[in-house]
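Visitor: Got a structure here, written out as structure tokens. Questions coming.
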Amino acid sequence: MSETSIWLWVGFNAFIVAMLALDLGVFHKKAHVVSFKEAASWSAVWITLAGIFGAVVLWQIGPTVGTEFFTGYLIEKSLSVDNIFVFVLIFATFQVPALYQHRVLFWGILGALAMRAAMIFAGGAMLERFHWLIYVFGAFLVRVDGLSHRGSDGPGHRRPRPCRSPLRPQDRRDDRGVHDRVLDD
């Protein structure tokens, strides 16, 4: 890795940290309910920044790397849509008020990124030192896949102990008439 590419990575990561600090520390310092219009506006800002970054990559590094960036960005963007459903479920399960959802989401994603980076580096280091672990990890994935294909409606289906909850969900409507499913108090 050349010195130039190291400084590009440092600059890129510094920019990301600055944008995250700006997002939470300035624009969302006071907790408020994020409207659809505000969410769409912020999405447009982040997509525009990604487009500008991709254009700089395309111009400075070349069409191959630029195309790889845009391809990766579009794939990640499309895969992130399923996360919306996970966020909705988490917010409903833990009854996170709309007022604090942005902050909870921000810190949750930041924590997930930090844990993902730690696991990638730790897993890479372990695989580099103990190559045979790749078979253990592979067996684990095959086992989990096999368990995930069991019928969830069957009488023999049981959730793993950490996923069971003594709380029972109930259906209710809030004061706006919105139907949701929450846990009993």
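The values are calculated or read from the model by the stated rules, or taken from the named source; none is laboratory data. For clarity, every value in this text was computed on a predicted model and none was experimentally measured. Counting neighbours? That spans all protein chains shown, and the Cβs are built from the backbone with ideal geometry, glycine included. Calculation scope for accessible area: heavy atoms of the full protein, side chains included, ligands and nucleic acids excluded. Shrake-Rupley method; radii C 1.70, N 1.55, O 1.52, S 1.80 Å.
Visitor: Scan the stretch 32-60 for residues that are surrounded by fewer than 14 Cβ atoms within 10 Å (Cβ to Cβ) and closer than 18 Å to residue 109 by Cα and jot them down.
Guide: 39, 43, 46, 47
Visitor: Of all residues in the stretch 135-152, which are among the hydroxyl-bearing types (Ser, Thr, Tyr) and at pLDDT 90 or above?
Guide: Of everything in the stretch 135-152, just one residue is among the hydroxyl-bearing types (Ser, Thr, Tyr) and at pLDDT 90 or above, namely 135.
Visitor: Further question on the same structure: Looking at (1) surrounded by 10 or more Cβ atoms within 10 Å (Cβ to Cβ); (2) at pLDDT 85 or above, find the lone condition where residue 132 falls short.
Guide: (1)
Visitor: List pairs: first residue in the stretch 111-138 and under 26 Å from residue 13 (Cβ atoms), second residue assigned to a helix (DSSP H, G or I) and modelled with pLDDT of 90 or more anywhere in the structure, Cβ distance under 8 angstrom, at least six positions apart or on different chains.
Guide: Matching pairs, first to second residue: 126/133; 127/133; 127/134.
Visitor: Can residue 101 be described as open to solvent by 50 Å² or more (accessible area, probe 1.4 Å), in a loop (DSSP other than H, G, I, E, B) and touching a residue at least 40 places away in the same chain (Cβ under 8 Å)?
Guide: no
Visitor: Does residue 75 count as free of Cβ contacts under 8 Å to residues at least 24 places away in the same chain, over 30 Å from residue 100 (Cβ atoms), among the β-branched types (Val, Ile, Thr) and open to solvent by 80 Å² or more (accessible area, probe 1.4 Å)?
Guide: yes
Visitor: Further, regarding this structure: Identify, by number, the condition in (1) of a type outside the set (S, T, N, Q); (2) over 19 Å from the mean Cα position of the chain (by Cα); (3) open to solvent by less than 70 Å² (accessible area, probe 1.4 Å) that residue 26 doesn't meet.
Guide: The number of the failed condition is (3).
Visitor: Separate question: Out of 70, 12, 85, which single residue is aromatic (Phe, Trp, Tyr), open to solvent by 80 Å² or more (accessible area, probe 1.4 Å) and out of contact with any Pro (no Cβ under 8 Å at 6 or more places or on another chain)?
Guide: Result of the check over 70, 12, 85: 85.
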